[in-house]
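Notes follow the structure.
The values are calculated or read from the model by the stated rules, or taken from the named source; none is laboratory data. Nothing here was measured: the structure is a model prediction, and the numbers come from that model. Heads up, the Cβs are rebuilt from the backbone with ideal geometry, glycines too, and the neighbour counts pull from every protein chain shown. Side chains are part of the model used for accessible areas, which takes the heavy atoms of the whole protein and leaves out ligands, DNA and RNA. Shrake-Rupley method; radii C 1.70, N 1.55, O 1.52, S 1.80 Å.
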Amino acid sequence: NFLPIPGQVNFTNQDTQRNLRLDTYFKISEDTSGFLKAGWHDQDQYLKLATGANLYSSYDFSGGLIQNYGTDKKFQARAWYQNVSFDKSNAGSCYHDLAGSVACSTTGLVSGVPSGKSLYTYVSSHDDNPYTELGSSWMFSKEFQSLSSLQFGLDTRRIKAEDTQISYSAPSITEFSQTISSRGEGRTTQQFYGFFA
């Protein structure tokens, strides 16, 4: 996580994305059909300094069945799952101040690195944010000859999210190590139900 880049202040932004999607539809009988879907998305985004990055990845699955009862009644069931990971590293920069102490100094970086000093970048904080979602939908419908219909069903959704954030102090040049200055954690789980008619 510690990268010396003498004389270089900025790092060229890079963004790499990869995507994959697979869908299939099937028919079991004249009255029963369904689908299965799977997806994967991955993104690496490196920001400003070489030690700063947003790493995002997710995958999801979904499936459904449709059952027809004659020409006027239908039952539909769907379910899905999604898993998301967001890993973020924030970059800081400093220079080695031989006249002062062995620690990195951030003084004067706004106006430029002092002459004869070597610039360093380091991870100033790190965030880890995983997220999952699980849901389903169930619906029954009946059509009438008068061009009206009756529908009722149930929706469910469960969300779980976490956030871990660690902040680091500026590293020591001699030790090439950092100490944790603060740490925070948060997590939540929410369950939703919805009935409609």
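Things to note:
- Selection from segment 1-21 of residues that are exposed (fewer than 10 other Cβ atoms within 10 Å of the Cβ) and either modelled with pLDDT under 50 or hydrophobic (A, V, I, L, M, F, W, C) (or both): G7
- Residue within segment 50-59 that is more than 16 Å from the chain's Cα centre (by Cα), part of a strand (DSSP E or B) and modelled with pLDDT under 95 present: no
- Pair list, Cβ < 9 Å and 6+ apart or interchain, from segment 132-159 residues that are without any contact (Cβ under 8 Å) to a residue 60 or more places away in the chain and within 30 Å of Q190 (Cβ to Cβ) to residues that are open to solvent by 40 Å² or more (accessible area, probe 1.4 Å) and β-branched (V, I, T): R158/T189; I159/T188; I159/T189
- Search result, residues across segment 34-91 that are among the hydroxyl-bearing types (S, T, Y) and touching a strand residue (DSSP E or B) at 6+ places or on another chain (Cβ under 6 Å): Y46, T51, Y56, S57, S58, Y59, S62, Y81, S85, S89
- Pick from segment 142-172, criterion among the hydroxyl-bearing types (S, T, Y), under 28 Å from Y193 (Cβ atoms) and assigned to a strand (DSSP E or B), ranking: least open to solvent (accessible area, probe 1.4 Å): T156
- Residue tally, condition β-branched (V, I, T) and either out of contact with any strand residue (DSSP E or B) (no Cβ under 6 Å at 6 or more places or on another chain) or within 30 Å of C94 (Cβ to Cβ) (or both), over segment 120-175: 6
- The residue that is farthest from R157 (Cα to Cα), counting only those in segment 60-100 that are modelled with pLDDT under 85 and either within 34 Å of the chain's Cα centre (by Cα) or open to solvent by less than 70 Å² (accessible area, probe 1.4 Å) (or both), is G100.
- The combined condition, being out of contact with any His (no Cβ under 6 Å at 6 or more places or on another chain) and not in a strand (DSSP E or B), is fulfilled by G116.
- Filtered residues of segment 173-188 (kept if open to solvent by 40 Å² or more (accessible area, probe 1.4 Å) and in a loop (DSSP other than H, G, I, E, B)): T174, E175, F176, Q178, T179
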